[in-house]
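Below is one structure; the comments refer to it alone.
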Amino acid sequence: MLDAALQVRAAAREAAGTATGAATVLAALSEVMEYDHASLTRWDPVRRRHTTLAGSYPDAATAYIETLLHRDPVFAVLRGPERDGLWLRDVPPPLLASSPGFRDVLRPLGITDGVAQCLFAADGRYVGMLNISTRRPRRAPDPARAVVTLLTESLAATVAAGAEVRHPAEPRPDTRPPDLRRLSPRELQVLAELASGRTNREIAERLYITPRTVGTHVEHILAKLDLPNRAAAAARAAAGGIGAAR
């Protein structure tokens, strides 16, 4: 199993966030643990949805993962401080009962086991997710658990590659007021959230970063725009047509 895990790491290094590379990673991962369905998805913070890089889930399940999974009650647990992945058999029954993803998507597929692993970049940004599902219960103890945890960093690098590329829905740089062009894409996102009156903690939850990171971005925004406080930044955002997606 260790040799197979090393092959996954090697595939991840070469994947560079491409669909072909992600598919190669999933194929290598199948040597670590058998599965019926799997996917690697990238989180798009602008559109607030996941984008599938590679996967084998049916269309309905893929659509749920991409557009609704981040609203599922289980997702708050998935991206919690432990970050060790959540195996289906370990989900508390009340939480499982409240999950539309399990009730309406996985259970009809006959899924009985698997893991969902949130992926984080080195700077703490949430970048995407690994989902693995199987119809056959896995044995216990399960060495694949440790292997998947060890591979998290490599999988995150695979998903994160290209994640910071500007999305076409964002304002083009040459259309922004000159002072707002000084801000990075992430700072623009934070500024948009400020314009909606959200606190650092609320912004952190929406962008999947820490409140401390939000505070640092706010400091940089105020310095770059030469503004005295958050209220002034919110006013500048409104004047520049910057607003957060609801």
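Being without any contact (Cβ under 8 Å) to a residue 40 or more places away in the chain, touching a strand residue (DSSP E or B) at 6+ places or on another chain (Cβ under 7 Å), within 18 Å of ARG145 (Cβ to Cβ) and of a type outside the set (Ser, Thr, Tyr) is a description that applies to VAL77. When residues in the stretch 83-114 are screened for being outside any helix (DSSP H, G or I) and over 18 Å from ILE132 (Cβ atoms), 2 of them pass.
For the stretch 115-129, filtering for residues that are over 12 Å from TYR208 (Cα atoms) and in a loop (DSSP other than H, G, I, E, B) leaves 1.
Of all residues in the stretch 100-133, those that are surrounded by fewer than 20 Cβ atoms within 10 Å (Cβ to Cβ) and of a type in the set (S, T, N, Q) total 1.
Of all residues assigned to the stretch 110-119, at least one qualifies as being polar (S, T, N, Q) and over 30 Å from HIS217 (Cα atoms). Considering the stretch 190-205, the residues that are in contact with a helix residue (DSSP H, G or I) (Cβ under 6 Å, 6 or more places away or on another chain) and not β-branched (Val, Ile, Thr) include one that is farthest from GLY128 (Cα to Cα), namely ALA195. Residue count for the stretch 191-246 under the criterion of being among the β-branched types (Val, Ile, Thr) and touching a residue at least 40 places away in the same chain (Cβ under 8 Å): the result is 4. Annotation: of all residues in the stretch 198-224 being under 18 Å from the mean Cα position of the chain (by Cα) and not in a helix (DSSP H, G or I), the one that is farthest from VAL46 (Cα to Cα) is THR210. ALA235 fulfils the conditions (1) closer than 30 Å to LEU119 by Cβ; (2) hydrophobic (A, V, I, L, M, F, W, C); (3) part of a helix (DSSP H, G or I) except for a single criterion, (1). Starting from residues that are of a type in the set (Lys, Arg) and more than 24 Å from SER30 (Cβ to Cβ), keep the ones in the stretch 43-98 and report whichever is modelled with the lowest pLDDT. Filtering the stretch 43-98 for residues that are of a type in the set (Lys, Arg) and more than 24 Å from SER30 (Cβ to Cβ), the one modelled with the lowest pLDDT comes out as ARG79. Annotation note: Cβ proximity below 7 Å between a residue of the stretch 27-42 that is farther than 16 Å from ILE65 by Cα and buried (at least 19 other Cβ atoms within 10 Å of the Cβ) and a residue that is modelled with pLDDT of 90 or more and hydroxyl-bearing (Ser, Thr, Tyr) (sequence gap 6+ or interchain) occurs for TYR35/SER133; TYR35/THR134.
The values are calculated or read from the model by the stated rules, or taken from the named source; none is laboratory data. Note that the structure is a prediction, hence the values are computed from the model and not measured. Glycine gets a Cβ as well: all are built from the backbone with ideal geometry, and neighbour counts include every protein chain shown.
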